[in-house]
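> A single structure is presented below for examination.
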Amino acid sequence: MQSSQRVLVIGSINMDLVVEVEVQPSPGDTVLGGDVKTFPGGKGANQAAAAARAGADVTMLGCVGTDGYGGELKDALGNAGVNTSLITEVSGSSGLAFITVDNGGENMIVVSSGANRQLSPELLKEEHFEDVGLVLMQLEVPLEIVREAAQMAQQRNIPVLLNAAPAQPLDDSLLKMLDILIVNEGEAALLSGVSVNDDESLKKAAKHLLETGVKTVIVTLGGDGVVYINADSIERLYAHKVEVVDTTAAGDAFCGALATALAESKSLTEAVAFANATGALTTTMPGAQPSLPTRAEIDAFLGAR
């Protein structure tokens with residue numbers, strides 16, 4: 001792929017409403033939290049912003065609502081360097097995510113999809129795929145558009161990256177269109193039918209997914225790093241040791257940075273290392289999009305290591 005080719009991100013755009021708590025509530029509990037902070041988020045928007053900040057030429061295709069958040073969300077993406085010309089405004093609420101973050105930086109998230117539910121295959125046009133080097137998607141939008149976009153990309157020999165989050169079953173007809181599938185342990189278990197609880201079961205789950213036709217499976221393990229597997233090899237990369245403030249968007253940062261590196265024709269090994277560093281850096285700052293590092297910050301972080 002040439003570095004001049006664009007990354008097309010198709011996915012969700014949310015406003016994150018974040019409250020800090022000392023400990024996460026258990027069912028039936030009430031806990032007191034800090035002030036509500038708003039951060040632009042959504043897996044699609046986060047990954048688009050992450051890719052742009054990491055140096056890619058990115059276009060985002062998604063939907064925002066006519067509420068007070070829609071324009072703000074679009075502006076945030078534009079400020080991150082994302083081309084927002086394919087973002088459609090639809091009547092009603094924008095996507096919202098309600099997030100609690102505890103003292104250890106771990107989060108719990110409830111998403112109200114809002115405008116993201118209206119992201120339909122009808123919004124996809126042939127010209128959206130011109131000069132695109134890579135398509136990056138997630139599962140916070142209707143599965144119909146993910147499938148249609150994957151087909152349109154495949155017909156044009158454009159690599160498709162899917163971050164299969166939040167977890168849901170996917171059939172083999174979609175999986176076999178994927179060049180790279182990015183999952184965590186829970187998502188790997190759901191998609192493969194293999195209970196993942198150690199390295200051996202992880203490899204078994206990944207191999208099962210390769211048998212469906214996925215070309216490369218990347219399993220993110222949070223603080224334990226990342227495993228990536230294809231027909232040729234199984235590789236492991238450990239996480240960087242950093243001071244964790246907030247894990248929100250770390251996975252999205254990984255996906256966006258991975259897309260950036262692959263769009264620059266880096267090898268899979270180089271791309272995963274770049275993405276691994278980006279994900280780690282993201283956990284050192286609060287919020288979703290505000291925590292995404294720039295290319296200069298990522299390069300400096302890698303250089304210092």
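The values are calculated or read from the model by the stated rules, or taken from the named source; none is laboratory data. In this text, all values refer to a predicted model and were calculated from it rather than measured experimentally. Positions of Cβ are generated from backbone atoms using ideal geometry, with glycine treated the same way; all protein chains shown enter the neighbour counts.
> Just checking, which of VAL226, VAL194, VAL183 is hydrophobic (A, V, I, L, M, F, W, C), more than 25 Å from GLY44 (Cα to Cα) and at pLDDT 90 or above?
The match here is VAL194.
> Please indicate, with yes or no, whether at least one residue in region 127-138 is within 17 Å of the chain's Cα centre (by Cα) and over 18 Å from LEU170 (Cβ atoms).
Checking region 127-138: at least one residue is within 17 Å of the chain's Cα centre (by Cα) and over 18 Å from LEU170 (Cβ atoms).
> Spot the failing condition for ASN116; the list is (1) buried (at least 24 other Cβ atoms within 10 Å of the Cβ); (2) out of contact with any helix residue (DSSP H, G or I) (no Cβ under 7 Å at 6 or more places or on another chain); (3) of a type outside the set (Gly, Ala, Ser); (4) modelled with pLDDT under 95, and only one is missed.
Failing condition for ASN116: (4).
> Of the residues that make up region 30-37, is at least one β-branched (Val, Ile, Thr), surrounded by 15 or more Cβ atoms within 10 Å (Cβ to Cβ) and either touching a strand residue (DSSP E or B) at 6+ places or on another chain (Cβ under 6 Å) or over 18 Å from GLN138 (Cβ atoms) (or both)?
no
> Cβ-Cβ below 7 Å, separation at least six or inter-chain, first residue in region 203-226 and at negative phi and in contact (Cβ under 8 Å) with a residue 40 or more places away in the chain, second part of a helix (DSSP H, G or I) and of a type in the set (Phe, Trp, Tyr): which pairs?
THR220/PHE254
Here's the yes/no breakdown for (1) touching a Ser or Thr at 6+ places or on another chain (Cβ under 7 Å); (2) assigned to a strand (DSSP E or B); (3) farther than 17 Å from GLN289 by Cβ; (4) among the β-branched types (Val, Ile, Thr):
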| position | (1), (2), (3), (4) |
| --- | --- |
| GLY28 | no, no, yes, no |
| PRO40 | no, yes, no, no |
| ALA51 | yes, no, no, no |
| GLY62 | yes, yes, no, no |
| GLY71 | no, no, no, no |
| SER93 | no, no, yes, no |
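> Report, by residue number, each residue of region 139-161 that is under 15 Å from LEU119 (Cβ atoms) and either more than 13 Å from the chain's Cα centre (by Cα) or not in a loop (DSSP other than H, G, I, E, B) (or both).
PRO142, LEU143, GLU144, ILE145, VAL146, ARG147, GLU148, ALA149, ALA150, MET152
> Could you list, in sequence order, the residues of region 283-305 that are assigned to a helix (DSSP H, G or I), modelled with pLDDT under 90 and crowded, with 22+ Cβ neighbours inside 10 Å?
Within region 283-305, GLN289, SER291 qualify.
> Of the conditions (1) modelled with pLDDT of 95 or more; (2) outside any strand (DSSP E or B); (3) polar (S, T, N, Q); (4) farther than 30 Å from SER265 by Cα, ASN103 satisfies every one except a single condition; which number is it?
Checking ASN103 against (1) modelled with pLDDT of 95 or more; (2) outside any strand (DSSP E or B); (3) polar (S, T, N, Q); (4) farther than 30 Å from SER265 by Cα, the one that fails is (1).
> A follow-up question, please. Which residues, counting only those in region 63-92, are among the polar types (S, T, N, Q) and either more than 15 Å from LEU119 (Cα to Cα) or surrounded by fewer than 19 Cβ atoms within 10 Å (Cβ to Cβ) (or both)?
If the condition is that a residue be among the polar types (S, T, N, Q) and either more than 15 Å from LEU119 (Cα to Cα) or surrounded by fewer than 19 Cβ atoms within 10 Å (Cβ to Cβ) (or both), then THR66, ASN79, ASN83, SER85, THR88, SER91 are the ones that fit.
> Pick from ALA56, ALA76: which is touching a residue at least 24 places away in the same chain (Cβ under 8 Å), within 24 Å of ILE298 (Cα to Cα), part of a helix (DSSP H, G or I) and of a type in the set (A, V, I, L, M)?
Every option except ALA76 fails the conditions.
> From the set of residues in region 238-256 that are surrounded by 17 or more Cβ atoms within 10 Å (Cβ to Cβ) and free of Cβ contacts under 8 Å to residues at least 60 places away in the same chain, which is nearest to ARG295 (Cα to Cα)?
ALA250
> Only one residue in LEU174, LEU262 is without any contact (Cβ under 8 Å) to a residue 40 or more places away in the chain, in a helix (DSSP H, G or I) and not small (Gly, Ala, Ser). Which one?
Being without any contact (Cβ under 8 Å) to a residue 40 or more places away in the chain, in a helix (DSSP H, G or I) and not small (Gly, Ala, Ser) holds for just one of LEU174, LEU262, which is LEU174.
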